[in-house]
Structure formats: C-alpha cells, structure tokens
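As structure tokens, the structure follows; a few thoughts come after it.
The values are calculated or read from the model by the stated rules, or taken from the named source; none is laboratory data. It should be emphasised that the depicted structure is a prediction, and the values quoted were computed from it without experimental measurement. Heads up, the Cβs are rebuilt from the backbone with ideal geometry, glycines too, and the neighbour counts pull from every protein chain shown.
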Amino acid sequence: MNITVLAVGSKMPHWVDEAVAEYAKRFGRDIHFQLKEIKPEKRGSGVTAQQGRAAEEVRLRAAIPAGSRVIVLDERGRRLTSVDLSQSLDQWQHNGVSPCFIIGGADGIADSLKNAADEMIRLSDLTLPHGLVRVLLTEQLYRAVSILHHHPYHRE
C-alpha cells in the first residue's frame, strides 16, 4: 500500500523531519510512505488568505496521486481512534486503495478541496502547529499499521 501525506509548508524544524523519518522507516516493506511538501503561497502584498488557499489548492490537487482516497485533516473532521484508523487502512489495503492525507497551510485548506475530499478527519480538538501535525499523523499511521500486524507497539 502507498500512503501519501501532502503538507503545505517547508523549512520545518530539524526535529520534525527527524521524527517523521524515524516513524516512516518503521513501516516495513508492505507500506510505501511518502511525505511531499507543497510550497505555501506567500502572504502579504495584497494576497488574501482566500487567494493563498486557492493557489495552494492548485498545487495540492496536482500532487495527489491518481486513484488515491483523499483525506483532509481539519479540526471539524471526523473524530477517530487509532483502532478506527487501523480498520480504515485495512479496508483500503484490501480494496487496493491508497490514501492521500492532506495537511493545509497556515490559513487552512480551500473549502472546494474539503468538499471534494473523500473524507475529513481530525487528529485533535486542539489547534496544532503544522510540524507537530506531520509528526503526529505519521506516528498514528505507523501505530495503525502496527495494530494490523499485531505488533506490541500499541497497547490497549
């Protein structure tokens, strides 16, 4: 299974890149994990948040792998547990579907992309910094895979 994460933003702190890389290498042979950074739109000089989201939407849509199930991360998305996420991954894997998770930029994600997504999920009721979202999502995806493989990483 291919798992893609599209994240608007660049130049994350070193600890973010290290943590994402650490969890990504744990996936094993069955999972191909890829995080792609999407260039954020520059703000200021008359560029509104709406215009910025629209420009980022074009770049995000272009980066979504063909045939992917698009999952947008949003604080208004569906709340799920680690076990719920593992069950979704299992279902997608059995159906030959590759998920593509989208993390928006500083001003969020364009409503048109949210509406076109297959689903929206939330990682937390709290607003989180984008770098931390990358780490948290990657860890939760690894955790979901470990649940499917009955690995002792996840305990209930």
**Given (1) surrounded by 13 or more Cβ atoms within 10 Å (Cβ to Cβ); (2) closer than 21 Å to Trp15 by Cα; (3) out of contact with any Lys or Arg (no Cβ under 8 Å at 6 or more places or on another chain), index of the condition Leu148 fails** = (2)
**Item:** Evaluation of Ile64 against (1) modelled with pLDDT under 95; (2) under 28 Å from Gly44 (Cα atoms); (3) not hydroxyl-bearing (Ser, Thr, Tyr) (one fails), failing number
**Value:** (1)
**Request:** Considering (1) touching a helix residue (DSSP H, G or I) at 6+ places or on another chain (Cβ under 9 Å); (2) β-branched (Val, Ile, Thr); (3) surrounded by 15 or more Cβ atoms within 10 Å (Cβ to Cβ), say which one Val47 fails and leave the rest.
**Result:** (3)
**Request:** State the number of residues belonging to segment 110-130 that are in a helix (DSSP H, G or I), at pLDDT 95 or above and either surrounded by 17 or more Cβ atoms within 10 Å (Cβ to Cβ) or under 13 Å from the mean Cα position of the chain (by Cα) (or both).
**Result:** 2
**Asked** Can you find a residue in segment 22-44 that is more than 20 Å from Asp107 (Cβ to Cβ), in contact with a His (Cβ under 9 Å, 6 or more places away or on another chain), small (Gly, Ala, Ser) and in contact (Cβ under 8 Å) with a residue 60 or more places away in the chain?
**Response** yes
